[in-house]
Structure formats: C-alpha cells, structure tokens
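Rule-based calculations on the coordinates, nothing more; no lab input. Since the structure is predicted, the reported quantities are computational estimates derived from the model, not experimental observations. Here Cβ is always computed from backbone atoms with ideal geometry, including for glycine, and neighbour counts include all displayed protein chains.
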Amino acid sequence: MARQSLPASEAFKLADYVEYSQNPKVIRTIVDNKADTITLFAFDAGQGLSEYSIPFDTIAQLLDAEAKLTIGAK
C-alpha cells in the first residue's frame, strides 16, 4: 500500500487512514522518517500482532477495539 503524507498543521482522524477489510490484518505506514514512524494496524476479531521489540517509545491508541496489551512482562 502506498505511503501517504499526513496533512501539515491540520487536524485529522487516524481512522480515515485505515479501512475495514476482508483481510483479517491491515498494516499501513503513514509516516516513516528519521524522527518517527506511525503505523496503523487493523485486526479482525481474534487476530493480533506477534511479540516484537523496538528501540524507541511506542504509543498504542485503540480506535474501535478491545485488546490485551503486554509491555515488558506486564
């Protein structure tokens, strides 16, 4: 999927950048530069993301979901 720039100095809805699909998992990177990366994930019920590690802070924002998040061992 093509990367799309976020609008500069404008409010926007993250939900507008990812859509529901027949595919149980949709991953879309909307920002990828030296300073940060923003990746949107859409999962079908029962789907998830396997464990991974990254060397920087992460923000998880749930738009329409219930989820179990494990960070470290917590």
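To the nearest µm²/s, what D does Stokes-Einstein give for the chain at 4 °C and 1.567 mPa s, using the Kirkwood radius over alpha carbon pairs as Rh? Don't skip to the answer; put the middle values down first.
On the way: Rh = 14.2 Å.
Calculated translational D: 91 µm²/s.
Positive-end ranking of 43, 53, 23 along the dipole of the chain, with charges on Cβ about the Cα centre, is headed by 53.
How do the peptides 40-49, 53-62 rank, highest first, by the average count of neighbouring beta carbon atoms within 10 Å per residue?
On the way: 40-49: 12.6, 53-62: 6.6.
Top to bottom by mean Cβ count within 10 Å: 40-49, 53-62.
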